[in-house]
Amino acid sequence: MWFRNSSKEDEEEFKEASNKIKLIFVVLFLFIIVIIILADSSTYIQDKEYEEIHQQEYRTIIISKLEEASVNNDKKRKEVLLENHLQINISPEYYNRLTIGDSIIKLSGDDNRYYIKQNGESWREDLGAFLRSKLNDDSIYK
């Protein structure tokens, strides 16, 4: 008799252990699915950001330099206000070289922003380089 009870207890313990293992696998599977969805979503957002930058177009003049407006006093980007009332971020390298009255040109379909000083000096900044480097092989912008 005691052997039979022990066998029933063993069966119950086995069922309980197998249910716990099943639960662990289900949770692990769901976790993996969530990670895959987040990774795919991140790529979609990067593609969307790149497309927005790629399609922007403006040809305008700087009317104000907004150093204080930079987010969290960010040393990486500075803001300028343009004649068309567009406020854009530019790198400090270009910010320090530009003055009010200089031109900024960004053509649709081009990743470059062109800076032209009043004296004719000009240079360009590749706006899409960082996002292009982050986009993976699944991107439509290979």
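Rule-based calculations on the coordinates, nothing more; no lab input. Please read these numbers as outputs of a predicted model, since none were measured by experiment. Methodologically, a virtual Cβ is constructed for each residue, glycine included, from the backbone with ideal geometry; neighbour enumeration extends over all protein chains shown.
Ranked by the mean number of other Cβ atoms within 10 Å of their residues, highest first, the peptides 97-109, 117-129 fall in the order 97-109, 117-129.
Arranged from fewest to most other beta-carbon atoms within 10 Å of their beta carbon, I37, I63, I88 become I37, I63, I88.
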